[in-house]
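Working notes, beginning with the structure itself.
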Amino acid sequence: MMNFFEISEKLGPCGLNCSKCFAFADGSIKKLSIELKDNLGNFEIYAQRFSELLNKPVFKKYPDFNEMLAYFSTVECKGCRNDECKLFAACNVKQCSKDHAVDFCFQCKEFPCNQHGFDEHLEKRWISINNRMKENGVENYYDEIKDKSRY
């Protein structure tokens, strides 16, 4: 089991699992994207042919897929505690957690607040995550979610 410090390096102050984010430099999405890209090699040539030979129009969408795969293969975020958030430009949680000297939002006496900068969907998720950490502990929460998709 990871200790609190190791876990807090993977979870942002909001509680989202940075290590499962598509933008995380050392995350599985980047690693798997690189592996898939390598395995596909020069597939773009074949995708054009397969759309005609197999009468499968889906292969015409390969350039868009390949562009997304290339993006996932080159992301470089080090996580919210070590870098600026690459996803949510309006996120105020990192600075707010520093200002209030807390590791996670639920530890703040003002939680839940309206200073986070999240949209309605993410706000609900943020509250739920932090309530779960408060009820069960950060270590138990991380054990529950560490192998699950972030999305």
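The values are calculated or read from the model by the stated rules, or taken from the named source; none is laboratory data. All values reported here derive from a predicted model rather than from experimental measurement. Note: ideal-geometry Cβ built from the backbone for every residue, glycine included; neighbour counts use all protein chains shown.
Worth a mention:
- Checking ALA90, ALA101 one by one, the residue that is farther than 18 Å from PHE22 by Cα, within 20 Å of the chain's Cα centre (by Cα) and either of a type outside the set (D, E, K, R) or surrounded by 12 or more Cβ atoms within 10 Å (Cβ to Cβ) (or both) is ALA90 and no other.
- Residue match in the range 4-11 (condition: of a type outside the set (Val, Ile, Thr), outside the structural domain of GLY137 (by TED's automatic domain parsing) and exposed (fewer than 11 other Cβ atoms within 10 Å of the Cβ)): no
- Among the candidates PHE59, PHE72, residue that is crowded, with 17+ Cβ neighbours inside 10 Å, more than 24 Å from the chain's Cα centre (by Cα) and at pLDDT 95 or above: PHE59
- Each residue in the range 26-40 was checked for being modelled with pLDDT under 95 and surrounded by fewer than 18 Cβ atoms within 10 Å (Cβ to Cβ), and 2 pass.
- The residue of the range 109-130 that is nearest to ASN92 (Cα to Cα), among those that are among the aromatic types (Phe, Trp, Tyr) and not in a helix (DSSP H, G or I), is PHE118.
- The set of residues in the range 61-84 that are touching a residue at least 12 places away in the same chain (Cβ under 8 Å) and more than 17 Å from SER33 (Cβ to Cβ) comprises LYS78, GLY79, CYS80, ARG81, ASN82.
- Residue among ASN140, ASN131, ASN114, ASN66 that is of a type outside the set (D, E, K, R), more than 17 Å from the chain's Cα centre (by Cα) and in the same structural domain as LEU32 (by TED's automatic domain parsing): ASN66
- Residues of the range 48-91 satisfying the condition of being assigned to a loop (DSSP other than H, G, I, E, B) and more than 21 Å from TYR151 (Cα to Cα): LEU54, ASN55, LYS56, ASN82
- With respect to the stated conditions, GLU52 fails to be at pLDDT below 90, exposed (fewer than 14 other Cβ atoms within 10 Å of the Cβ) and of a type in the set (Asp, Glu).
- Residue selected from the range 131-150 under the condition outside any helix (DSSP H, G or I) and charged (D, E, K, R), by the criterion modelled with the lowest pLDDT: ARG150
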